[in-house]
Amino acid sequence: MANPALARSSAGVTAVTSNDPVVQVCDVCKNYRDVEALRGINLEFERGKLTTLLGPSGCGKTTLLKIIAGLVPATSGEIRVNGRAVTGPGPERAFVFQDFALMPWATVLRNVAFGLELKGVVSAERNRIARRYIEQVGLAGFEEKYPHELSGGMRQRVGIARAFAVNADVLLLDEPFSAVDEQNRRKFQEDLLRLVEQEKKTFIFVTHSIEEAVYVSDRIVLLSPRPGRISQVIDPMIDRSASPDDIRRDAGYLDVVEEIWQGLRQYAE
Amino acid sequence: MTLFGTRIPMMTSLIFWLLVWEIVGQLELMFLIPPVTSIIAAGIDLVQTGSWQSASMITLRSFVYGMALSIVVGVPLGVLMGRVKVIDNICGLWVNMFVSAPLSALVPILMILFGLGETTVFVTVFLFAVWIIVLDARAGVMQVPTSLVEMGRSYGASRWTIFTKIILLSALPEILAGIRIGLIRGVKGVVIGQILVSVIGYGELFELYSRNFDMERFWALTMLLFVVAMLLSAGVEHFEKRIEYYAGAR
Ligand SMILES: Nc1ncnc2c1ncn2[C@@H]1O[C@H](COP(=O)(O)OP(=O)(O)O)[C@@H](O)[C@H]1O
Ligand SMILES: [Mg+2]
């Protein structure tokens with residue numbers, strides 16, 4: 001299989017390394033009582049890149065992301081961020097939740113500023129920063145609205161703006177677009193790529209959509225079904241200078257999608 | 001409400017029944033049902049008497065104290081039960097038993113414990129109101145979405161901050177709903193307590209009027225209580241609506 005779009009594709013990998021890792025996952029295993037969710041995960045996430053965790057539902061993507069976030073303790077193994085082992089959440093990581101996790105009693109502005117509020121940033125300063133990110137995610141004019149007045153897509157923009165506002169090095173996104181309809185999803189993916197470009201941060205992104213993964217990722221880590229293990233690592237090498245529609249028609253793009261599908265097919269049967 | 005295609009205002013039905021009552025009263029069919037107009041006249045007369053005013057003071061005082069204690073005890077207990085498994089296990093059975101128990105049956109025991117006075121009425125109000133406040137506060141903190149708590153943790157909130165800024169606020173609509181139902185139960189408690197004690201407050205008045213077959217004043221007092229209970233409930237409901245507005249679709 002000689003696919004120019006695939007820089008590296010290996011089956012049954014046990015460790016994935018990178019040149020300048022910001023997050024390292026070392027031998028992480030996770031059991032929920034008698035359910036083995038993750039087994040022997042070794043991964044490195046390169047600074048400034050967008051890495052996607054892709055796999056069937058229930059394979060442990062959310063679990064792995066929450067272990068990295070420090071929200072869920074690993075049964076064994078270790079997470080290092082900027083070389084230091086971490087045991088809980090920290091200011092260098094920000095989480096975007098699948099169900100948005102917005103406070104229904106607070107306005108968009110207060111929700112976006114909440115991370116800064118918790119850090120003790122004074123009101124004028126945090127509102128200024130929050131307004132900037134609200135504008136960046138395309139919600140200018142909605143500052144004083146409440147979450148229930150917004151559509152699902154707009155709510156997730158609030159969640160993303162909140163994560164950006166705390167200026168973390170690493171953004172952890174758990175299926176952020178799963179509650180968004182198909183048309184808005186594409187728009188979202190394009191906006192995400194623009195933000196990745198602008199913000200120069202490391203993104204760890206979870207999805208179960210192959211197309212979405214190939215479209216947005218610098219690297220895709222395929223997880224096998226329970227217990228979750230790394231089954232394949234793919235660098236799609238998509239030329240993102242082309243227009244979104246051209247990329248989606250590009251032969252290289254379609255080949256990678258097909259390649260991943262073949263990889264996952266064995267689990268579907 | 002519409003009748004023969006024309007809209008009839010809500011009050012019409014009330015006025016209609018009051019009219020029927022008035023006619024039945026004027027016919028003097030039963031001494032139990034005096035005409036509405038004389039009930040109203042008796043009511044206006046009643047509120048000016050010293051005995052009504054002091055009875056109202058007693059009623060109001062035992063109601064306010066009883067409710068205040070129910071809220072001060074009920075909300076924290078419910079919140080604790082929702083957050084701490086051990087406390088939930090210890091108290092859960094009792095709270096669930098009392099919330100649906102016929103508490104009027106306990107009032108005679110309270111009379112033995114606290115005497116034939118205001119204290120018994122105050123404790124009755126408390127016992128009527130507190131359990132539903134506990135249960136709703138508990139339900140409120142238990143339904144706080146896990147992701148909202150994780151959100152707080154991931155942005156570095158301390159446990160205390162998560163409790164005050166996320167859990168309590170998230171539970172506020174349920175806590176208020178519990179207090180509203182508690183208020184209505186408290187009104188029942190204050191009336192039933194006084195009637196059973198029957199030597200103070202409205203209980204004494206009810207006892208006096210029914211013994212003397214003073215039906216005008218009896219009905220006047222009953223209607224006053226109904227109106228007050230309705231106004232109270234409407235007031236809290238109005239406040240709750242404003243809270244629910246931003247609690248919105250969760
Ligand atoms: N809190 C939990 N308690 C018990 N089992 C859990 C818990 N969270 C997840 N699991 C189990 O772990 C596995 C992985 O879950 P998850 O990480 O949510 O998968 P994914 O996000 O890939 O769909 C699933 O089988 C799930 O049932
Ligand atoms: Mg998941």
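We did not get these values from a lab; they are worked out from the coordinates using the rules stated. Just so it is clear, the model here is predicted, and its values are computed rather than measured. Methodologically, a virtual Cβ is constructed for each residue, glycine included, from the backbone with ideal geometry; neighbour enumeration extends over all protein chains shown.
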Dipole in debye (nearest 20) - the stretch B:133-197, about Cα centre, beta carbon charges: Lys, Arg +1; Asp, Glu -1: 100
Shielding score for A:94-105, defined as the mean number of other chain Cβ atoms within 10 Å: 6
Please work out the ratio of the alpha-carbon Rg of the stretch B:52-247 to 2.2 N^0.38 Å and round it to two decimals. 1.20
With R₀ set to 60 angstrom, the calculated FRET efficiency between the beta-carbons of B:Trp94 and A:Arg248, to the nearest 0.05, is 0.45
With the dipole of chain A defined by +1 on each Lys or Arg Cβ and -1 on each Asp or Glu Cβ, the option from A:Phe142, A:Ala124, A:Leu254 whose Cα lies farthest towards the positive pole is A:Ala124
Could you give the nm distance between label points at A:Lys119 and A:Ser209, where each point is 7 Å from its Cα heading toward the beta carbon? 3.0
Cα atoms only, the stretch A:226-269: Rg and Dmax in Å? 13.1, 38
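In the stretch A:20-86, what is the volume of the convex hull around the alpha carbon atoms, normalised per residue and reported in Å³? List each step's numbers first, then the result.
Details: hull volume 5.3 nm³, N = 67.
Dividing the Cα hull volume of the stretch A:20-86 by its residue count gives 79 Å³.
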When N counts the residues of chain A, how does its alpha-carbon radius of gyration compare numerically with 2.2 N^0.38 Å, as a ratio? 1.00
Compactness ratio of the stretch A:102-167: Cα Rg over 2.2 N^0.38 Å, N = residue count? 0.96
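If you stretched the chain out fully between A:Thr87 and A:Arg226, how much longer would it get, using 0.36 nm times the residue separation minus the C-alpha to C-alpha distance?
Details: separation 139, 0.36 × 139 = 50.04 nm, distance 2.42 nm.
Stretched out fully, the A:Thr87 to A:Arg226 stretch lengthens by 47.6 nm.
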Label point distance in nm, A:Glu144-A:Glu78, each placed 7 Å from Cα along Cα→Cβ: 5.2
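Counting Lys +1, Arg +1, Asp -1, Glu -1, what net charge surrounds A:Thr63 among other residues with beta carbon under 14 Å of its beta carbon?
Values: positive: A:Lys30, A:Arg33, A:Arg39, A:Lys61, A:Lys66, A:Arg226, A:Arg229; negative: A:Glu36, A:Asp174, A:Glu175, B:Glu150.
Local charge sum for A:Thr63: +3.
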For chain B, set up a Gaussian network in which alpha carbons nearer than 10 Å are linked by springs, and say which option among B:Thr222, B:Thr37, B:Thr161 fluctuates the most. B:Thr161
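Let me spell out the model: positive unit charges on the Cβ of Lys and Arg, negative unit charges on the Cβ of Asp and Glu, origin at the Cα centre of the protein assembly as shown. What dipole size does that give, in debye rounded to 20?
Details: 50 positive and 51 negative charges, 199 e Å.
That gives a dipole near 960 debye.
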Within a Gaussian network of chain A (alpha carbon springs, distance under 10 Å), most fluctuating of A:Arg186, A:Arg93, A:Arg194: A:Arg194
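Taking the Cα centre of chain A as origin, work out the dipole magnitude from +1 charges on Lys and Arg Cβ and -1 charges on Asp and Glu Cβ, in debye rounded to 20. Don't skip to the end; give the middle numbers.
Details: 34 positive and 36 negative charges, 160 e Å.
With only Lys, Arg, Asp and Glu charged at Cβ, the dipole is about 760 debye.
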Compute the separation of the alpha-carbon centres of the stretch A:166-222 and the stretch A:18-75 and state it in Å as a whole number. 17
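Inside 10 Å of the C-beta atoms of B:143-153, what's the mean count of C-beta atoms belonging to other chains? Provide the component values of the computation, followed by the final result.
Numbers: counts 0, 0, 6, 4, 9, 7, 2, 8, 15, 6, 6.
Neighbouring Cβ atoms belonging to other protein chains average 6 per residue here.
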Listing A:Cys26, A:Cys59 from the residue with the fewest other Cβ atoms within 10 Å to the one with the most, what is the order? A:Cys26, A:Cys59
Name the residue, out of A:Arg132, A:Arg157, A:Arg249, whose mean-square fluctuation peaks in a Gaussian network model built on chain A with Cα pairs under 10 Å. A:Arg249
Scoring only Lys, Arg, Asp and Glu (+1, +1, -1, -1) among other residues with Cβ under 14 Å from the Cβ of B:Glu28 yields -2
Charge tally in the Cβ shell below 11 Å around A:Pro227, where Lys, Arg are +1 and Asp, Glu are -1, A:Pro227 excluded: +3
Between the stretch B:145-179 and the stretch A:91-139, the Cα center-to-center distance that results, in Å: 16
List, in order, the whole-Hz ³J(HN,Hα) value for each residue of the stretch B:152-158 obtained from phi through the Karplus relation with A = 6.51, B = -1.76, C = 1.60 and θ = phi - 60°; use x for Gly and Pro. x, 4, 5, 9, x, 6, 6
In peptide B:168-176, what is the residue-averaged number of other protein chain Cβ atoms found within 10 Å of each Cβ? 1
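Let's test the formula: R0 of 60 Å, r as the Cβ-Cβ distance of A:Asp27 and B:Leu32. What FRET efficiency results, to the nearest 0.05? Spell out each step's value before the answer.
On the way: r = 85 Å, r/R0 = 1.41.
The computed FRET efficiency comes out at 0.10.
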Provide the gained length on full extension for the span B:Met57 to B:Glu207, in nm with one decimal, where the gain is 0.36 nm per separating residue minus the Cα-Cα distance. 52.2 nm
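Using just the helices of chain B, give the 222 nm mean residue ellipticity in deg cm²/dmol: DSSP H runs with n ≥ 4 each add -39,500 (n - 2.57), and the total is spread over all residues, rounded to 500.
On the way: 10 runs with 194 residues, N = 250.
It comes out at -26500 deg cm²/dmol, rounded to the nearest 500.
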Helix-only [θ] at 222 nm, chain A, -39500 (n - 2.57) per DSSP H run of 4+, per residue, nearest 500, equals -11500 deg cm²/dmol
Calculated FRET value between B:Thr12 and B:Thr49, using beta carbons and R₀ = 25 Å, to 0.05: 0.15
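Å³ per residue of the Cα convex hull, for the protein assembly as shown? Don't skip to the answer; put the middle values down first.
Values: hull volume 120.9 nm³, N = 519.
Convex hull volume per residue, Cα atoms: 233 Å³.
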